[in-house]
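Here the structure comes first, spelled out in structure tokens, and everything after it is commentary.
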Amino acid sequence: MSRTIIPYLAWIAHQISEICQKLPLPVNYLTKIPGGWEGWLQVQMYSSFDQGNNQNGLYSNIQREENLYYSNSLRADLTLWHNQFPPTVIEIKVETRSQIDPSKLKQALIKDAGKLLTVNIKEPYNIMQVLVGCKNVIKVAKTLKGPTDEQMKTAIKQLLPNGTQTIPLLISNRIPRLNNYFEKCLHPVSFFDDTGNFSLLIYAKKIGDGDVDCIVNNNDRQNDEDDTIEMIDGDDEKRSLSWRSSRADSCSIGYHK
């Protein structure tokens, strides 16, 4: 008997890619709007999830701008709470006309990765970073490495409450979990080229111990050690979406249109 097995994080990423494909305005126009469009995209994602985009039990509750971090001044862009799976904290970044140098996008991603390690909720939990844009996203996809432990420590120190002298042990212990985090996302890199008007990167990882969470046959859990997941979706020239996982605690999607 064949079964459909989808890693939970990959399923969330797939739904986000579907939302981004159906945005009411073209991304190459949005990137040129003065002042940026990240808040608008957050609302688009929230409303799409909230209005029934919850196939196969994607979440039990969705929140926006929720205070989940050690610093009370920080908020999470989106959080998906689930009755069976760990919560997924999502941070979103977009390409804007002020980010002429892709290095600015890279620094923003590294800072958000550090931010996601300061989540002040019980482990395990999932982290997810979404980057939407055009050519600069493609350049980031081709060159982003790491992050290194030092990059994470620097980012985290800037995000902790004022007066905090040292990184709390719980957060410090999470830092090595992100070794090669960005590099694992770039699979396959060939999905990105220099002519695109819309590109999406999604980085995701489970923080904490436990088996990989999978959706099987309408939300049944499946954690057999022999299970291997390999899925590729993208059968026309304008749409390329892929994820591959083999009992891993992280997944990635690269999308180019």
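Any read-out appearing in this document is the output of simple, stated calculations on the displayed coordinates, not a laboratory observation. This one's a predicted model, so the numbers in the text were calculated from it and none came from an experiment. For neighbour counting, all protein chains shown are included, and Cβ atoms are generated from backbone atoms with ideal geometry for every residue, glycine included.
Listing for the model above:
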read-out	value
Spatial separation of Cα centroids for the range 15-80 and the range 91-146, in angstrom	14
Sorted by Cβ neighbour density within 10 Å, fewest at the top, the residues D211, D101	D101, D211
Rounded to whole Hz, the Karplus (6.51, -1.76, 1.60) HN-Hα couplings of the range 170-184, x for glycine and proline	4, 5, 4, 5, 7, 4, x, 5, 9, 4, 6, 4, 6, 5, 5
Sorted by Cβ density within 10 Å, fewest first, the residues K106, K157, K122	K122, K157, K106
Shape parameters for the range 3-42, alpha-carbon atoms, Rg then Dmax in Å	13.8, 48
5 Å-binned pair-distance histogram of the range 94-157 (Cα, whole percent)	3, 16, 26, 22, 18, 10, 4, 1
The range 1-148 - Rg (one decimal) and Dmax (whole number), Cα, Å	15.8, 54
